[in-house]
Amino acid sequence: MKHVIFVRIFICCLLLMLSLQTLQAQSEKLVFSPHWIPQAQFAGFYVALDQGFYRDAGLDVQIIHSSADVSSLDLLKSGKADVVSSFLMDAIKLRVNQTPLVNIAQLSQHSALMLVAKKKSGISKPEDLQGKKLGIWSSGFDDIPFAFLRDRKINMEIVRILNTVNLFLMDGVDVMTVMNYNEYDQIINSGINEDELTAFYFADYGYDIPEDGLYCLESTCKTKKDALRKFVQATLKGWEYAAKNRDYTVNLVVAEMKKAHLPNNKAHQYWMLDKVLELITPGNKKVAYGQLMRADFLYALDIIKINSGIKDIKLTMEDFFMD
């Protein structure tokens with residue numbers, strides 16, 4: 001009798017393994033690359049993978065991270081990633097420069113970019129920025145800051161920074177470009193109180209251009225359109241779950257950071273998660289969850305035209321966004 005039970009259990013396990021192998025073989029494989037190292041900025045993707053939302057959608061998703069040396073867009077162009085996240089402005093510029101990428105979802109609907117200065121430097125309003133040193137990332141994200149300065153006829157000495165706030169903390173620069181969900185909190189965590197800082201949120205000055213979106217090449221869009229739609233829906237589901245389960249989500253993010261041998265701070269990741277969730281919410285913008293608003297696309301394109309000095313850029317919303 002025991003022998004019969006053992007055989008039945010063995011057969012059931014074998015059938016289960018075969019079913020799982022068949023299901024995996026039928027799943028569409030997609031490689032996704034966020035545009036920076038593991039952190040709560042990308043929590044929705046980790047959640048969607050961990051909760052099985054991608055698997056349930058019939059997808060076999062692998063997440064590989066970009067780095068300071070290799071961007072997600074580099075991984076996309078080289079064919080090492082099928083889908084990547086990136087800033088809207090950076091993606092438009094790449095498309096204008098003949099890289100055939102397509103926006104398949106606009107995750108953030110608002111700008112997190114800002115300038116921060118110490119009040120002791122005498123900076124309290126935009127006019128006070130004149131002649132000061134501005135630390136700005138060498139990796140980009142400078143279209144909005146430059147538009148802000150140009151529109152106000154403010155001249156600043158530009159100092160390129162890799163990825164830390166150290167130079168600002170040591171007064172090597174007077175002002176620094178930061179994200180409200182990341183570097184701004186790092187500065188506060190270093191021991192500087194918020195009331196000791198002057199913050200200029202670009203969104204408050206008319207530059208509320210969304211940032212993080214999902215992109216693929218046109219060729220991928222044509223051959224894997226159904227899989228891409230499923231990926232977007234599963235990702236949005238991941239973000240919805242993250243919003244309702246913050247403790248689980250932060251623990252998951254920290255686990256991803258540990259896998260990558262990165263220092264981690266739970267308080268900072270909670271801050272980041274809350275701020276990123278605010279960015280994803282459309283708020284007063286009349287746009288659906290995950291969609292790119294035409295007015296935002298056109299405004300971003302106009303800024304790129306002015307910054308580049310090329311006014312006859314021909315790129316339409318229909319060419320750029322996969323509806």
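The values are calculated or read from the model by the stated rules, or taken from the named source; none is laboratory data. Quick caveat: nothing in here was measured; it's all calculated off a predicted structure. Please note: Cβ atoms are built from the backbone with ideal geometry, for glycine as well, and neighbour counts cover all protein chains shown. To get the accessible areas, we keep the full protein, side chains included, count just its heavy atoms, and leave off ligands, DNA and RNA. Shrake-Rupley method; radii C 1.70, N 1.55, O 1.52, S 1.80 Å.
Please specify each residue of region 71-86 satisfying the condition of being open to solvent by 10 Å² or more (accessible area, probe 1.4 Å), in contact with a strand residue (DSSP E or B) (Cβ under 9 Å, 6 or more places away or on another chain) and not in a helix (DSSP H, G or I).
If the condition is that a residue be open to solvent by 10 Å² or more (accessible area, probe 1.4 Å), in contact with a strand residue (DSSP E or B) (Cβ under 9 Å, 6 or more places away or on another chain) and not in a helix (DSSP H, G or I), then Ser71, Gly79, Lys80, Asp82 are the ones that fit.
What are the pairs with Cβ atoms under 9 angstrom where one residue, in region 263-275, is within 13 Å of Tyr46 (Cβ to Cβ) and the other, located anywhere, is in a helix (DSSP H, G or I) and open to solvent by 60 Å² or more (accessible area, probe 1.4 Å)? Sequence gap at least six, or different chains.
As it stands, the answer is Leu273/Arg246, since those pairs meet every condition given.
Would you please name the residue that is nearest to Ser139 (Cα to Cα), looking only at residues in region 23-69 that are modelled with pLDDT under 95 and loosely packed, with under 14 Cβ neighbours inside 10 Å?
Out of the qualifying residues, it is Ala68.
If I ask for residues that are assigned to a helix (DSSP H, G or I) and either closer than 26 Å to Leu73 by Cβ or touching a residue at least 24 places away in the same chain (Cβ under 8 Å) (or both), which ones from region 249-262 would you list?
Taking region 249-262 and keeping what is assigned to a helix (DSSP H, G or I), we get 249-259.
Residues satisfying the conditions are Thr249, Val250, Leu252, Val253, Glu256, Met257, Lys259.
I need a count of the residues in region 279-318 that are assigned to a loop (DSSP other than H, G, I, E, B) and over 27 Å from Gln233 (Cβ atoms).
Applying the first criterion (assigned to a loop (DSSP other than H, G, I, E, B)) to region 279-318 yields 281-293, 309-316.
If we keep only those that are over 27 Å from Gln233 (Cβ atoms) too, we end up with 309-314.
Total meeting the criteria: 6.
Which ranges mark the strands (runs of 3 or more DSSP E) fully within region 110-227 that have 3 or more residues being open to solvent by 20 Å² or more (accessible area, probe 1.4 Å)? I'd like the intermediate steps shown before the answer.
Values: elements: 113-118, 133-137, 157-161, 175-179, 197-201, 212-217.
Output list reads 157-161.
If you scan region 164-181, which residues turn out to be within 12 Å of Ile136 (Cβ to Cβ) and either aromatic (Phe, Trp, Tyr) or modelled with pLDDT under 95 (or both)?
Hit for region 164-181 is Phe168, nothing else.
Exactly one condition in (1) among the hydroxyl-bearing types (Ser, Thr, Tyr); (2) more than 20 Å from Ser124 (Cα to Cα); (3) at pLDDT 95 or above is not met by Tyr184; state its number.
Here Tyr184 clears every test but (2).
Quick check on Lys93: is it at pLDDT below 95, open to solvent by 10 Å² or more (accessible area, probe 1.4 Å), in a helix (DSSP H, G or I) and at negative phi? Write out each step before concluding.
Details: at pLDDT below 95: yes; open to solvent by 10 Å² or more (accessible area, probe 1.4 Å): yes; in a helix (DSSP H, G or I): yes; at negative phi: yes.
For Lys93, the condition - at pLDDT below 95, open to solvent by 10 Å² or more (accessible area, probe 1.4 Å), in a helix (DSSP H, G or I) and at negative phi - is met.
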